[in-house]
Every structure is written in structure tokens, then in C-alpha cells.
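Heads up: the structure comes next, in C-alpha cells.
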Amino acid sequence: MPSSATSTNRPAPSGPAAPRRTWPVTAAAVLLGWCLIAWVVFAAALNTAPFFGEQPTREEDIESGLVLATAVVPLLLLAAVAVRWGSRWGILLLVGPALLLVPLGLDWVSDAGNGNDPARNRSVTWADLGGELVRPNWVVATGLLLVLAVSVGRSRRARRADVRRTVPGEEHDGT
């Protein structure tokens, strides 16, 4: 009969010495990121689909390309939040495909449009970055930027509190 010291049915350590499980953070970030990637690809493809023989206009090509290219901003912010919360190498499952959206979007933006479109030579303007399909990317990016700022702020406050606790009676400026 094995002794209790060598038993394999020991409970997992808990408390400050316990290893932190980070795979749920990575799994959630990758799942959310892939949902965003699927949405932007679907929106871009649907926006320029040739329904009933219609050809997409230059305006639609630009909007679809920009929705793909600007999706990298919220995806990289999501990856930064995940890394901040403990994710490591698994986040590459999100970052790799996210970076492929930029050349795909820029290729779509560079499409000249069809021959019947009077604005087929129209160039991309700053106003195109606020298009109807592009706006959700900016909303998500703003939300993730706020989450990242709160996370950084909390960790700085926690570090300052640790410094104050380690040497009581001395004044520290938190640096």
C-alpha cells in the first residue's frame, strides 16, 4: 500500500504558490478574434458580391477593403489584452491570421472597379475610414483600448501597494 506522501490523489496546490492557468484566456481571445475575423470577411464578401449580375462599385470595393485592413487594430488590441492577462504562444493562432487581413484588404482597396462605374478611379480618402462597415472595428478597438488601460492601471496600483507594504514607514513614489 503506498504511503500518503507518494499518493497521486493529492489536491492541486492553491494560494499564491499555485500556477495560474492561462489557457482559458488564450482560448477566449482566439475564439473572440476568430469571430471578428469571420464577421469582417463575411461583411466584405457580402458587400461586394455580384448579386443578380450587378458588379461592385469602387465605393464598395474601398469599403470592403478597409473593413478587412482596419480589423487588424482590434485584433492586435485583443492579443495585447490576452498577453497582459497571461496568454503566451497560443495567441499566435490569432495574430497570424489577423496580419493576413491587411494585404487582403489593401488588395481589395486597390481594385479599380468595373468599367461602367463613373467613379472607378476614385482614390481612398480619410472619410472612408469612418464608413458604415468600418465603424464597428473602431468601436471594438476603443472598447479593447479601455480594457487594456484599466488593466495597466490596476497592475500599477497593485505594484505601488506592494512597494508600500514591503517597507512600511518609508515614503515611495511608486517608481
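The values are calculated or read from the model by the stated rules, or taken from the named source; none is laboratory data. Everything numeric in this text was worked out from a predicted model, so none of it was measured. Glycine gets a Cβ as well: all are built from the backbone with ideal geometry, and neighbour counts include every protein chain shown. These area figures cover heavy atoms from the full protein model, side chains too; ligands, DNA and RNA do not enter into them. Shrake-Rupley method; radii C 1.70, N 1.55, O 1.52, S 1.80 Å.
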Subtract the Cα-Cα distance of Ala38 and Ser110 from 0.36 nm times their separation in residues, and report this length gain in nm to one decimal.
23.7 nm
Once phi for every residue in segment 52-66 is put through the Karplus expression 6.51 cos²θ - 1.76 cosθ + 1.60 (θ = phi - 60°), the whole-Hz ³J(HN,Hα) values, with Gly and Pro written as x, are 6, x, 6, 9, x, 7, 4, 4, 5, 5, 5, 5, 5, x, 6
Along the Cα→Cβ direction, 7 angstrom out, place labels at Ala45 and Glu132. What is the inter-label distance in nm?
2.1
Could you please report the charge total around Val109, scoring K, R as +1 and D, E as -1 over all other residues with beta-carbon less than 14 angstrom from its beta-carbon?
-4
Val152-Trp89 FRET efficiency (beta carbon distance; Förster radius 22 Å; 0.05 resolution)
0.50
Per residue, in Å², the accessible surface of segment 25-85 once ligands and nucleic acids are set aside, probe 1.4 Å
46
Tell me the accessible surface of Val72 in square angstrom (1.4 angstrom probe, heavy atoms of protein chains only), to the nearest ten.
20
Among trypsin sites (Lys or Arg not before Pro) in segment 34-94, those in a DSSP loop whose Cβ has at most 14 other Cβ atoms within 10 Å are Arg88
Calculate what fraction, in whole %, of the accessible area of segment 23-127 sits on carbon and sulfur atoms when a 1.4 Å probe is rolled over the protein chains.
72
